[in-house]
Every structure is written in structure tokens, then in C-alpha cells.
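Below: the structure, in C-alpha cells.
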Amino acid sequence: MLRAWSAQRVRDAEATLMSRLPEGELMRRAAQGLAEVCRARLPASGGARVVVLAGPGNNGADALYAAARLAQDGHDCVALQGDWPLAIGDSASWSAAGVTVLAPGGDWAAPLAGADLVIDGLLGIGGRPGLPQDAVAWVDAIPASAYVVSVDLPSGQDPAGQSRSDTGVFADETVTFAVAKPVHLLPATEAAVGRLTVIDIGLELDGEPDVERLDFADVAHLWPVPTIADDKYSRGVLGVVAGGENYTGAPVLCCTAAVGAGLGMLRYVGTPAPTALVRAAIPEAVHGEGRVQAWVVGPGLDITSRARGSKAQLDVARSALDSDLPVLVDAGGLDLVHGPRQGPTLLTPHAGELSRLLTRLEGSETTREAVEADPLSHARRAADLTGATVLLKGATTLVVPPTDWGLAVRSQNDAPAWLATAGAGDVLSGVCGALLASGLTPLDAGSLGALVHGVSADLANPGGPVRALAVAHGIPQAVAHLLTR
Ligand SMILES: NC(=O)C1=CN([C@@H]2O[C@H](COP(=O)(O)OP(=O)(O)OC[C@H]3O[C@@H](n4cnc5c(N)ncnc54)[C@H](O)[C@@H]3O)[C@@H](O)[C@H]2O)[C@@H](O)CC1
Ligand SMILES: [K+]
């Protein structure tokens with residue numbers, strides 16, 4: 001599990017540790033780790049051009065110290081200083097250490113254009129979103145051929161990871177200290193981070209983190225692997241209320257994925273046309289209402305439909321939501337959510353569905369663009385209003401429990417971009433529903449389901465396009481791959 005703590009909690013822990021260490025020791029460790037990573041990216045023979053974007057705070061100091069070490073290897077190190085005093089030393093002391101500091105107003109364009117490696121030490125966890133004025137032009141002029149290493153975080157991006165800045169740095173690699181921070185894992189900022197390297201500086205953080213990410217090694221701990229004592233009922237029976245006369249594909253995708261995830265049994269409740277398709281595609285399914293351990297309500301469900309069988313199907317959907325069983329609510333089923341329900345609940349909207357849900361529940365308009373600009377706050381609002389865990393689908397998928405539970409948010413980024421395709425959400429609902437039926441919490445079912453869904457997409461056609469049905473069919477192999485790796 002990858003864990004991230006907020007900038008404030010890292011600062012508090014740093015302050016405690018610093019009071020027990022010689023002055024400057026933490027920064028020495030940070031700069032040493034940073035220099036080692038940069039060294040590994042540069043030719044051992046020296047001679048590369050390294051350009052430091054030296055900010056006004058300790059982030060800039062880390063970068064300057066690291067550059068001084070690279071200068072010892074024979075690299076040509078230049079630091080750009082903006083309209084602010086350097087955090088540490090002056091141009092004479094850095095020059096003695098092998099780093100040429102270009103004062104504000106100097107000709108920075110030529111050295112930057114020739115950079116092999118850029119060390120972005122503008123802002124770290126003390127940064128507010130946005131860049132210092134002088135640095136905007138520097139960041140814009142970083143050549144595409146340079147390898148950009150951001151110190152602690154890509155400068156200009158929000159350390160809390162809530163909002164994205166298009167003018168901030170987009171790094172090839174971010175070298176952070178002690179632990180990851182939310183900026184590294186959350187959807188608004190993760191794309192700017194590049195490869196993430198965490199350097200041990202002897203700082204331990206404890207208590208519930210702010211953000212968590214399941215990794216492949218977590219699958220073996222969480223996945224409900226059956227034992228010889230199990231039977232089909234003990235492994236979990238899932239009821240799926242999905243599809244309608246106009247939406248016949250969603251239930252096939254959802255049920256295929258759910259059965260493939262290793263359910264004990266699946267019950268399907270649909271209208272005539274999708275029922276015929278589910279009968280043909282998933283012979284394991286049984287049809288009609290009956291005892292289940294969890295429900296999936298909503299893929300391809302049109303609650304306004306008057307077609308044959310729709311009313312009876314909707315009655316089952318409503319009674320599922322009225323029950324105290326775990327329910328995953330997706331797509332059309334989200335229109336049936338009015339507030340907190342009794343049982344464990346996982347809502348799985350995409351940004352557009354979340355904006356509509358919030359608009360309806362709050363009685364004032366929330367746009368899709370607003371959700372996309374700050375996914376975490378909006379998912380949290382929906383979780384707080386409904387008492388449900390909210391899985392917000394996207395390139396990075398968030399799984400957000402209500403604030404007063406005091407739990408970390410999960411953020412999963414396991415899927416290739418090819419997975420942005422119709423039907424992928426129906427597959428995800430089937431996998432997560434199967435996990436709910438086996439007894440996992442909505443938080444675990446959502447994040448583990450998102451991970452397996454992404455891995456299945458990757459394995460279905462590494463490096464190329466995937467269709468949702470291939471992802472659904474690939475779930476059993478993806479689970480085996482993760483359990484036996
Ligand atoms: N605190 C510690 O013990 C350690 C800190 N380290 C480094 O120190 C960094 C934090 O240092 P600081 O607290 O000095 O903070 P930063 O270096 O992140 O930046 C703070 C400075 O930038 C200014 N600033 C912030 N946002 C701005 C904006 N948008 N536009 C213009 N100016 C802005 C602030 O007024 C302040 O002068 C970490 O990210 C890490 O790189 C490491 O050396 C490890 C140890
Ligand atoms: K930085």
C-alpha cells in the first residue's frame with residue numbers, strides 16, 4: 001500500500017524529528033537522496049548540463065545542494081534565481097561549490113535551452129498553487145529533450161492535490177522525501193508528477209494517512225480466496241438489477257465480470273430483451289429475485305422506462321435500496337439515491353453523473369467541469385450527503401468514504417488510457433459488486449475492484465486498444481495473475 005500524508009502532517013512530524021537532530025541534518029539527507037537519483041539519470045562520465053530552478057524556500061535549497069554534488073561529478077551546473085533572495089548561501093558561495101547562479105534579469109534562456117537535466121526546486125510543500133512570477137517563463141521554456149526532476153512535488157501544483165495548474169511544472173520524475181503527499185496520488189495533480197521516487201530521510205509518520213493506494217501486493221491480502229469449507233452461498237450471492245429494453249449490453253458486461261470475479265452465484269433481474277441476452281451469454285446466472293448478500297443496481301437502468309417488465313424491475317431496485325444489504329449503485333440507479341440508506345453503500349458515478357447527483361441533492365447546479373476541476377471535494381460532498389462511499393471514475397479513480405469516518409481516501413491508477421471506452425463502467429460495477437457480496441467493505445471493494453479492472457484492461461491487449469467485453473472476460477486471469485505473482 002502506498003500512503004500519503006498532508007503537507008501539514010509532514011511538517012509537524014519534521015519539526016519533532018528536527019528538534020532531535022543536528023541543524024540541517026534533514027536537508028542534508030534530502031539533498032543527498034535527490035543527488036543520488038539525479039546521478040543515476042546522468043552519464044557517469046560527467047559533462048552534462050544541469051539547470052536548477054532555485055526557488056525562495058527550502059525546496060530551492062535542496063536543489064542547490066544536490067547540484068553542488070553533481071558538480072563534483074563534472075557536470076556543468078547552473079542555477080536560475082528569480083526576484084527573491086536564495087534560501088541559502090549566495091552566488092559566491094555556490095560558485096565556490098561549483099554551481100553558477102544566474103542573478104535575476106540574467107540571460108537564462110541559453111543555458112536552459114541546452115539543459116540535459118532540469119532540477120525543479122521552485123516550490124515544495126510550502127508552495128501555494130501557481131508559480132512565482134519570474135518562474136512562469138522558465139517553466140514554459142524547459143526544452144522537451146530535458147529530463148525534469150521535481151524536488152518534492154512539481155512546482156505550481158497544489159500540494160493537497162485538489163486542483164490542477166496547467167502552467168505548473170509537469171515532471172518526468174518527482175523525488176519526494178519520507179512519504180508521498182496527496183499531490184502525488186490524487187487525480188487533479190498526479191499527471192504532473194511523472195515517476196515517483198520516495199527517499200528515506202528517517203522520518204516516520206503514523207496514524208491514518210490522508211490518501212492510500214492499493215498496490216499489487218495488497219491483492220493477495222484482500223481478495224476473497226475460497227477455502228475447502230466454502231460453498232456457493234458462503235462465497236457470496238450477488239443480485240444484479242440492470243439493463244432494459246433499450247440498454248441490453250450493460251447487464252451482459254456487468255454479469256460477465258461479476259461471475260468472472262469468482263462469485264458463489266449471480267441472480268439477474270431484468271426486462272425481457274436483456275434477460276434473453278444474459279441467458280445466452282452467462283449460463284451460470286439464475287433469474288429473478290431471491291436471497292442475495294449484495295446488490296448491484298443501475299448499469300443500463302432507465303428508471304423512466306415504461307417498457308414491458310420495467311415496473312417490476314424498478315420495484316426490485318427500490319426494495320434493494322430499502323434493504324440493509326450492501327448495494328453498489330451505478331449509472332441509472334443513481335437517480336434512485338435520495339440520501340443515506342441503512343446498509344453499506346458504494347456509489348460509482350463518473351464526473352457527469354456525480355454533477356447531476358449533487359445538483360439534485362443540493363438543489364443548486366454543480367457542473368461536470370467543476371467536478372473535473374476538483375474531483376476530491378465533490379466526491380467527498382456526495383459521500384457526506386449520502387453516508388455512502390463514493391467511487392468517482394476517471395483516469396485516476398477515487399474511492400471516498402464520508403468525512404466523519406476518519407478514513408483515508410483511496411486513489412487507484414492502474415488502467416491504461418485505452419480503458420476509457422463504453423461499457424468499462426459496467427464491467428467495474430460487476431467486479432466491485434462481487435467483492436461486496438463476498439463481504440468486503442465498500443472502500444475495499446471499490447479500490448480493489450478498480451485495481452483488478454485496470455490490470456485486466458492492461459493484460460487484455462498490452463499497449464493497444466481494449467473493448468469492455470475483453471476486460472470482462474479477462475477478469476479471472478487478472479485475478480490469478482495478481483494472486484500468483
Ligand atoms: N521541513 C524540513 O525539514 C525539510 C524540508 N525539505 C524541503 O523543504 C521544502 C519546504 O520548504 P519551505 O517550507 O521553505 O517551502 P517551499 O520551498 O515550498 O516554498 C516556500 C516559499 O515560497 C513562497 N511561495 C509559496 N508559494 C508561492 C507561490 N505560488 N508563488 C510565489 N511564492 C510562493 C513562500 O512565501 C515561501 O517563501 C520541502 O518541500 C522540501 O523540499 C527537505 O529539505 C527535507 C526537510
Ligand atoms: K519542486
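The values are calculated or read from the model by the stated rules, or taken from the named source; none is laboratory data. Only a predicted model underlies this, so the values are computations on that prediction, with no experimental measurement involved. Here Cβ is always computed from backbone atoms with ideal geometry, including for glycine, and neighbour counts include all displayed protein chains.
Here are the numbers:
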read-out	value
Single residue of A54, A15, A7 found to be surrounded by fewer than 16 Cβ atoms within 10 Å (Cβ to Cβ) and either aliphatic (A, V, I, L, M) or in contact with a Phe, Trp or Tyr (Cβ under 6 Å, 6 or more places away or on another chain) (or both)	A15
Filtered residues of region 400-430 (kept if in a strand (DSSP E or B) and not aliphatic (A, V, I, L, M))	R410, S411, Q412
Helices (runs of 4 or more DSSP H) (entirely within region 1-116) containing at least 1 residues that are more than 30 Å from L407 (Cβ to Cβ)	25-41, 58-72, 91-96, 109-113
Subset of region 275-307 (residues that are touching a residue at least 60 places away in the same chain (Cβ under 8 Å) and in a loop (DSSP other than H, G, I, E, B))	V292, Q293, G298, P299, G300, L301, S305, A307
Residue in region 120-137 that is away from ligand 1 (no atom under 13 Å from the Cβ) and either crowded, with 19+ Cβ neighbours inside 10 Å or without any contact (Cβ under 8 Å) to a residue 40 or more places away in the chain (or both) present	yes
Selection count, region 60-82, where residues are away from ligand 2 (no atom under 16 Å from the Cβ) and under 31 Å from the mean Cα position of the chain (by Cα)	0
Test: T421 is in contact with a strand residue (DSSP E or B) (Cβ under 8 Å, 6 or more places away or on another chain) and either in the same structural domain as K232 (by TED's automatic domain parsing) or acidic (D, E) (or both)	no
R267 being in contact with a His (Cβ under 9 Å, 6 or more places away or on another chain) and among the charged types (D, E, K, R)	yes
So L361, is it aliphatic (A, V, I, L, M), out of contact with any Gly (no Cβ under 6 Å at 6 or more places or on another chain) and in contact (Cβ under 8 Å) with a residue 40 or more places away in the chain	no
